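**Student:** Submitted below is the structure of interest, expressed as structure tokens.
The values are calculated or read from the model by the stated rules, or taken from the named source; none is laboratory data. Please read all numbers here as calculations on a predicted model, not as lab measurements. Here Cβ is always computed from backbone atoms with ideal geometry, including for glycine, and neighbour counts include all displayed protein chains. Ligands, DNA and RNA are stripped out before the accessible areas are found, and what is left, the full protein with its side chains, is counted by its heavy atoms. Shrake-Rupley method; radii C 1.70, N 1.55, O 1.52, S 1.80 Å.
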Amino acid sequence: MSKIVITGATGELGQLVVQHLLEKVPANQIAVSVRNVEKASKFADQGIEVRYGDYDDPSSLEKAFAGASKLLLISTPQDDSVVRIRKHVDAIEAAKKAGVKHLLYTSFAAVDKGAFPPLGDVHSATEYTLRASGLSTTILRNAFYQEVFVNESLQSFVDSGVIVTSAGKGKVNTVERNDLALAAATVLAGEGHEDKVYELASSETWNYDELANILSDVSGKNVTHQSMSDSEALERMVNSGVPEGFAHFQIALYNSIADGNEGNASSDLEDLIGRKPTSIRESITHFFNK
Ligand SMILES: NC(=O)c1ccc[n+]([C@@H]2O[C@H](COP(=O)([O-])OP(=O)(O)OC[C@H]3O[C@@H](n4cnc5c(N)ncnc54)[C@H](OP(=O)(O)O)[C@@H]3O)[C@@H](O)[C@H]2O)c1
């Protein structure tokens with residue numbers, strides 16, 4: 001029987017995709033391609049076929065993708081950009097050899113509009129490879145995960161009463177993984193999505209002034225946003241213990257936000273999942289009340 005095959009299924013996004021897909025198709029129509037088969041035992045318990053597929057072992061991928069009616073290629077985790085591109089190209093070649101009918105790839109929102117190049121370049125290169133491959137594809141351009149911004153760091157903003165950035169009033173578009181996973185499962189279980197590019201972003205964007213206001217409302221403590229120069233913001237982060245490499249990455253992101261590259265809105269996600277995605281205010285409220 002041909003299957004819907006999901007890579008990265010042991011990861012945070014992949015697990016949610018499988019969860020949503022199980023509500024739409026029977027377990028025996030789903031297979032996962034994972035590098036650690038033991039870690040995927042809960043899928044086997046649910047009746048899902050578990051296949052070994054490691055991006056670092058390209059020969060394993062052709063077998064893992066064999067007979068897939070649809071393959072969800074979840075992009076590889078943070079690594080050297082060239083290494084990531086090579087892994088994606090290997091996976092695309094394996095999909096072709098395996099006769100995959102339709103490949104879905106998790107790209108990055110607004111890559112064609114210059115969104116955050118340290119991440120965007122990898123996804124642009126992968127999108128080009130997919131176009132050149134001749135495969136039938138759907139590109140799921142995922143916005144920044146809301147969880148990248150809604151996490152333990154919020155408590156330190158509440159404790160200090162200040163969010164320091166160099167992002168100015170620039171806007172950013174974020175979406176919870178769960179909403180992105182629902183959209184992916186909807187496309188995997190549905191028809192008519194071939195050769196489409198979906199911008200899986202929110203129709204609403206936010207900036208750090210608004211984030212500070214939401215934090216004040218939710219925590220009951222006054223939190224303000226101070227936008228400084230890059231060098232001042234970098235110094236503050238490093239002095240407060242943020243590792244230097246990550247601090248530089250953060251400044252690059254603030255620059256991209258300030259330049260307006262991260263604030264592109266779209267209704268594609270809302271249209272696919274049939275409701276508004278979870279807002280940043282809802283995520284923060286949930287985070288502080290859980
Ligand atoms: N839009 C955003 O804001 C954003 C943020 C972060 C990441 N991302 C991208 O979205 C992807 C999914 O996000 P996530 O939160 O689910 O990441 P995650 O939790 O780190 O999951 C990554 C998945 O990739 C698998 N993997 C890693 N190396 C592999 C290899 N060599 N061969 C086969 N599988 C391998 C992992 O397997 P194991 O369980 O065995 O480790 C895991 O299943 C990330 O990989 C990254 O490309 C997007």
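**Student:** Taking the condition of being among the aliphatic types (A, V, I, L, M) and within 30 Å of residue 258 (Cβ to Cβ), how many residues in the range 91-129 meet it?
**Tutor:** 7
**Student:** Would you check if there is a residue in the range 189-201 being of a type in the set (Val, Ile, Thr), touching a residue at least 12 places away in the same chain (Cβ under 8 Å) and crowded, with 18+ Cβ neighbours inside 10 Å?
**Tutor:** no
**Student:** So, in the range 3-32, of the ones that are away from the ligand (no atom under 11 Å from the Cβ) and part of a strand (DSSP E or B), which residue ends up farthest from residue 146 (Cα to Cα)?
**Tutor:** 3
**Student:** Taking the range 12-32, which residues are within 18 Å of the chain's Cα centre (by Cα) and exposed (fewer than 15 other Cβ atoms within 10 Å of the Cβ)?
**Tutor:** Across the range 12-32, the qualifying residues are 12, 19.
**Student:** What do you reckon, is residue 254 of a type outside the set (Val, Ile, Thr) and closer than 30 Å to residue 134 by Cα?
**Tutor:** Answer is no for this residue.
**Student:** Additional query: Let me confirm something: among 219, 156, 166, which residue is without any contact (Cβ under 8 Å) to a residue 40 or more places away in the chain and of a type in the set (Ser, Thr, Tyr)?
**Tutor:** Exactly one residue qualifies, and that residue is 156.
**Student:** Under 7 Å between Cβ atoms, which residue pairs at least 6 apart in sequence (or on different chains) link something in the range 58-84 that is touching a residue at least 60 places away in the same chain (Cβ under 8 Å) with a partner that is more than 11 Å from the ligand (Cβ to nearest atom) and in a helix (DSSP H, G or I)?
**Tutor:** 65/94; 65/95; 70/188; 71/95; 72/188
**Student:** I'd like to verify a number: residues in the range 131-149 that are open to solvent by 20 Å² or more (accessible area, probe 1.4 Å) and among the aliphatic types (A, V, I, L, M), how many?
**Tutor:** Looking only at that region, the number is 3.
**Student:** Return the residues of the range 171-228 that are over 24 Å from the mean Cα position of the chain (by Cα) and part of a strand (DSSP E or B); say none if nothing qualifies.
**Tutor:** Result: 224, 225, 226, 227.
**Student:** Being open to solvent by less than 10 Å² (accessible area, probe 1.4 Å), closer than 19 Å to residue 249 by Cβ, of a type in the set (Ser, Thr, Tyr) and away from the ligand (no atom under 16 Å from the Cβ), is that true of even one residue in the range 154-165?
**Tutor:** Looking through the range 154-165, at least one residue is open to solvent by less than 10 Å² (accessible area, probe 1.4 Å), closer than 19 Å to residue 249 by Cβ, of a type in the set (Ser, Thr, Tyr) and away from the ligand (no atom under 16 Å from the Cβ).
**Student:** Being open to solvent by less than 70 Å² (accessible area, probe 1.4 Å), closer than 16 Å to residue 204 by Cβ and in a helix (DSSP H, G or I) is the filter here; which residues of the range 271-289 pass it?
**Tutor:** 273, 280, 283, 284, 285
**Student:** Follow-up question, since we're still on this one. Can you report the number of residues in the range 237-248 which are open to solvent by 70 Å² or more (accessible area, probe 1.4 Å) and either in a helix (DSSP H, G or I) or modelled with pLDDT of 95 or more (or both)?
**Tutor:** So the count comes out to 4.
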